[in-house]
1. Out of Pro85, Pro124, Pro90, I need the residue that is part of a loop (DSSP other than H, G, I, E, B) and not assigned by TED's automatic domain parsing to the domain that holds Arg23. Which one?
2. Could you list, in sequence order, all residues of segment 1-16 that are among the aliphatic types (A, V, I, L, M) and away from the ligand (no atom under 13 Å from the Cβ)?
3. Between Pro85, Pro107, Pro114, which is crowded, with 18+ Cβ neighbours inside 10 Å, within 16 Å of the ligand (Cβ to nearest atom), over 22 Å from Gln41 (Cβ atoms) and touching a residue at least 40 places away in the same chain (Cβ under 8 Å)?
4. Name every residue in segment 1-27 that is aliphatic (A, V, I, L, M), more than 14 Å from Pro107 (Cα to Cα) and outside any helix (DSSP H, G or I), in order of residue number.
5. Which members of segment 175-193 meet the condition of being over 14 Å from Leu216 (Cβ atoms), more than 9 Å from the ligand (Cβ to nearest atom) and modelled with pLDDT of 95 or more?
6. Among (1) buried (at least 16 other Cβ atoms within 10 Å of the Cβ); (2) touching a residue at least 60 places away in the same chain (Cβ under 8 Å), there is one condition Thr36 misses while meeting the rest; what is its number?
7. So, in segment 151-168, exactly how many residues are within 14 Å of the ligand (Cβ to nearest atom) and assigned to a loop (DSSP other than H, G, I, E, B)?
8. Can you tell me which residue among Leu52, Leu64, Leu68 is in the same structural domain as Arg29 (by TED's automatic domain parsing), away from the ligand (no atom under 16 Å from the Cβ) and in contact with a His (Cβ under 9 Å, 6 or more places away or on another chain)?
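The values are calculated or read from the model by the stated rules, or taken from the named source; none is laboratory data. Everything quoted here is computed from the prediction, not taken from an experiment. Positions of Cβ are generated from backbone atoms using ideal geometry, with glycine treated the same way; all protein chains shown enter the neighbour counts.
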Amino acid sequence: MGTLYLVATPIGNLEDISPRGLRILSEVRLIAAEDTRHTRQLLTHFEIHTPLTSYYEHNKLKKLDTVLAALSLGDVALVSDAGTPAINDPGYELVLAALQANHCVSPIPGPSAPIAALSASGLPSESFLYLGYLPRKTAERKRLFEKIENHPYTLIFLESPHRLTGSLRDMQVFLGDRQVAVARELTKIHEEILRGTISRVLAHFAALEPRGEFVLVVEGKRGEESPLRWQPDEMLSQIRRLQAQGRSSSDISAELAEKSGWTRREIYRLILDGNQPGQS
Ligand code: SAM
């Protein structure tokens, strides 16, 4: 019985592949790849000469027998164009078929765009809901948002550049002006992570058309007890820090409302009340 290795590959920066991933790719008898031309470039870069076969969305069922036959003779690696196989990439059916045929299935962890985006988002990351690509049409997005609007955990979506602002606008309407992190071109030269409210991110993209690959991380529904809301002491010390820089009360309220879980009004009132938390 062979082992099916799910090898994560870079989402931009070639240095992100692990030494173990490279060793497995050079040792297996066959690599099943989403796009053989794309993977050939990666293998050429690392001087790996393992045979490749294609395994992509439209042949993934037809190809099962080929990959299972190779597994009965030895180990096989599955790779996608970028990131972790089977995460919004072909792989699930093959994993299932390999398990049913009593082969081992083993992950070789590494890059994954949604996890990379979450980790740097600045939003709570201990519990999250990953939903892959957002639906293309507003009516379907609305249905999805209605289902998840009260979900307290951080949400992660993939989105294409030309639908990004439309999706953010729908999100603002159906989920409210939540905190988001829009992660663009992670690990690449033009990597950028925009953090702030949806309206702030939309204002950014009003002036600049979205380009590249995106992951959208969105805060979950806040409850009264949400850990996102700063404690009064923390709020006071941040207010004093900004006052010491000579910032105006409205400026301070706007800036801190973006990250504290407090509304501008609450912060402004606290400032007017002379920074006494009991009176806010
Ligand atoms: N399996 C992959 C993974 O684990 O990262 C995800 C595959 S999915 C088909 C590709 C989508 O992931 C892109 O359309 C984009 O939304 C996101 N993505 C991939 N690379 C990215 C990057 N470098 N920066 C931001 N988002 C990226």
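1. Numbers: Pro85 fails: not assigned by TED's automatic domain parsing to the domain that holds Arg23; Pro90 fails: not assigned by TED's automatic domain parsing to the domain that holds Arg23.
After ruling out the rest, the residue left standing is Pro124.
2. Step one: list which residues in segment 1-16 are among the aliphatic types (A, V, I, L, M), which gives 1, 4, 6-8, 11, 14.
Once the filter is applied, which keeps residues that are among the aliphatic types (A, V, I, L, M) and away from the ligand (no atom under 13 Å from the Cβ), segment 1-16 yields Met1, Leu4.
3. Values: Pro85 fails: over 22 Å from Gln41 (Cβ atoms); Pro107 fails: crowded, with 18+ Cβ neighbours inside 10 Å.
Answer to the selection: Pro114.
4. Going residue by residue through segment 1-27, those that are aliphatic (A, V, I, L, M) are 1, 4, 6-8, 11, 14, 17, 22, 24-25.
Still in the list and also more than 14 Å from Pro107 (Cα to Cα): 1, 11, 14.
Those that are aliphatic (A, V, I, L, M), more than 14 Å from Pro107 (Cα to Cα) and outside any helix (DSSP H, G or I): Met1, Ile11.
5. Going through segment 175-193, the residues over 14 Å from Leu216 (Cβ atoms) turn out to be 176-177, 187-191.
Imposing the further condition that a residue be more than 9 Å from the ligand (Cβ to nearest atom) reduces the set to 176-177, 189-190.
Passing the criteria: Ile189, His190.
6. (2) is the only condition that Thr36 fails.
7. 1
8. On the way: Leu52 fails: in contact with a His (Cβ under 9 Å, 6 or more places away or on another chain); Leu64 fails: in contact with a His (Cβ under 9 Å, 6 or more places away or on another chain).
Of the residues listed, the single one that is in the same structural domain as Arg29 (by TED's automatic domain parsing), away from the ligand (no atom under 16 Å from the Cβ) and in contact with a His (Cβ under 9 Å, 6 or more places away or on another chain) is Leu68.
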